[in-house]
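Working notes, structure below.
The values are calculated or read from the model by the stated rules, or taken from the named source; none is laboratory data. Being a predicted model, the structure only gives us computed values, none of them experimental. So basically every Cβ, Gly included, is an ideal-geometry build from the backbone, and we count neighbours across all protein chains shown.
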Ligand code: MSP
């Protein structure tokens, strides 16, 4: 395989249902790494597709009263549409009903049969429809399928078998000699554990009389191929096999990564590896088994339980890019994760609206307001800027190593270290103060440094959030070609700082916020919970809590809870044009746009004392005009009529105060 090529696959998905977040998870992960390598100049092949044969699909077709081929043709539309929606840039979408794939499967069967590696036998076993495979008596748990807990059926049948048992020792030796073959490490140990028991031969056919929806066995037309034997071969038929002179084959095999869920590890690690050994085809470089997304209560997501998360709903309400970001950032690839909408909202607001969105918006709006609509030239560059450049170098190296090892959350955490440092740098350097003091040189340096941070982050985010990253780069006057150049410049960097020299003179465009903040779950999602909530309990006698008299100042906790308090940083302040006691401020409360807040604090504070102070703001007060100037919130202060101090808090803008 050419050194600069990269081949990645997802499982091919059963077309007995529509895609949900579990499927989207693998596919987004594959897309992100494929995009990364493309951006990095590699020739990439990203293969995904649909698994269209077998009993489950046939039953679904019957349920819909459709011919199986008509059913699969219809279902494929949903899968392709979902991947288009999620911005999945696959290079090829394979279907196991494709003629080339069928020919490949039949060619392989014939070859293994001719080589004496496939034989006919009569077998009795416990068949689980839910996973389309036979189990032995001792595999069963309480007489049920050990994987799904579904009932199994004892079946005696004549079938064809692949001599898988003969490859056991070779497989164990391969796993031991190649520690990176199955990842994460814990999964490799699981497979080795499985291989401690003698490996049996694999039943690779189904009699047509029982289940006819599959690829016909070329040497016995009474049988079709077992769906897993058929499906696994997609990984090679998708790059030209069995034509080993094919340019695709020579460019891309052996595959770099098979991404799979942990539930399909055995079929890959054992069936697929031994099939390849039998065919004398080099083994994959790595099979990476990721964890599962569980529903809120820790149970598996399933249609019948009605707890499947709709990927389109997330994309509609929060955007495709935020959805992609969430899945890659929230949990380690390999671990299980519990999905909740609240968790999604929290992650969105913290990382996207507050950290990244705020950094971009602040750096662009302050810069265009005070320095014009081009990225400024640096003034003198000091220690703080050198530190940001060093940090970017560190973030780049950590990001690269992590993403290439499919540790997406680690890669994004490294990048966010820089985003947060960018926000902190603004807070420390206080550009509003520099502007007020007329320190234009220094102001240019600070604004430019933050813009370079944004552009740097934008490039590295292209694989994860392709549209938002492009939008961010666009705001800084960068296109994708420049982003690609920037990445090669980074790749050439052996170590040390990033030079931050890309943007001078670029047109800046503040535009709309990248990630508008959500105060609460979007109505379409909130409604799901209303529908699910329990019917109201029968009325119970109310405890005798003394009621506040109508003229009392006491309020209930529920009433107090309505007051939303947040941390804010004063960005600028000036005297009120029409009132001596009032000060007019711009306050960053973690939103894309600072709030205008008018407060009666002039008796105690001169406007120039205020920028940079970290205060507490009531953010859900109805906006009002105070002596003709709009006030969009209220700050908390101590003192009666005469203010003695501001209530301050050492927290990032937007942090909830309670
Ligand atoms: N058709 C087989 C794969 C054949 S590959 C040669 C199959 N299809 S599937 O549609 O049932 O599942 C495909 C993938 O989705 C599996 O990797 C599975 O782990 C993954 N997921 C299904 N539900 C999931 C979650 N809730 N969470 C994460 N991934 C999950 O198996």
query: Hey, any hits in region 198-208 for a residue that's closer than 19 Å to residue 177 by Cβ and either within 16 Å of the ligand (Cβ to nearest atom) or touching a helix residue (DSSP H, G or I) at 6+ places or on another chain (Cβ under 9 Å) (or both)?
result: yes
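A quick yes/no check of all residues on (1) at negative phi; (2) free of Cβ contacts under 8 Å to residues at least 24 places away in the same chain; (3) in a helix (DSSP H, G or I):
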position: 119; (1), (2), (3): yes, no, no
position: 131; (1), (2), (3): yes, yes, no
position: 149; (1), (2), (3): no, yes, no
position: 157; (1), (2), (3): yes, no, no
position: 169; (1), (2), (3): yes, yes, yes
position: 190; (1), (2), (3): yes, no, yes
position: 193; (1), (2), (3): yes, yes, yes
query: Within region 328-344, which residues are at pLDDT 95 or above and out of contact with any helix residue (DSSP H, G or I) (no Cβ under 8 Å at 6 or more places or on another chain)?
result: none
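Condition check ((1) modelled with pLDDT of 90 or more; (2) under 25 Å from residue 522 (Cβ atoms); (3) assigned to a loop (DSSP other than H, G, I, E, B); (4) near the ligand (Cβ under 10 Å from one of its atoms)) across all residues:
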position	(1), (2), (3), (4)
268	yes, no, no, yes
271	yes, no, no, yes
277	yes, no, no, no
284	yes, no, yes, no
296	no, yes, yes, no
306	no, yes, yes, no
309	no, yes, yes, yes
- request: Keeping to region 63-88, report how many residues are assigned to a loop (DSSP other than H, G, I, E, B) and free of Cβ contacts under 8 Å to residues at least 60 places away in the same chain.
  value: 4
- prompt: Which of the residues belonging to region 237-259 are surrounded by 22 or more Cβ atoms within 10 Å (Cβ to Cβ) and either in a helix (DSSP H, G or I) or within 11 Å of the ligand (Cβ to nearest atom) (or both)?
  reply: 237, 238, 252, 258, 259
query: Name the residues in region 314-337 that are over 20 Å from residue 406 (Cα atoms) and either touching a strand residue (DSSP E or B) at 6+ places or on another chain (Cβ under 7 Å) or surrounded by 16 or more Cβ atoms within 10 Å (Cβ to Cβ) (or both), would you?
result: 314, 315, 317, 318, 319, 320
field: Hits in region 207-236 - residues which are surrounded by 24 or more Cβ atoms within 10 Å (Cβ to Cβ) and at pLDDT below 95
entry: none
task: Just need a number here: residues in region 1-20 that are within 16 Å of the ligand (Cβ to nearest atom), in contact (Cβ under 8 Å) with a residue 60 or more places away in the chain and either farther than 23 Å from residue 301 by Cα or in a strand (DSSP E or B) (or both).
output: 7
task: Please work out if residue 23 is in contact with a strand residue (DSSP E or B) (Cβ under 6 Å, 6 or more places away or on another chain) and more than 10 Å from the ligand (Cβ to nearest atom).
output: no
query: Take the residues of region 26-53 that are in a loop (DSSP other than H, G, I, E, B) and either within 30 Å of residue 132 (Cβ to Cβ) or without any contact (Cβ under 8 Å) to a residue 40 or more places away in the chain (or both): which is farthest from the ligand (Cβ to nearest atom)?
result: 42
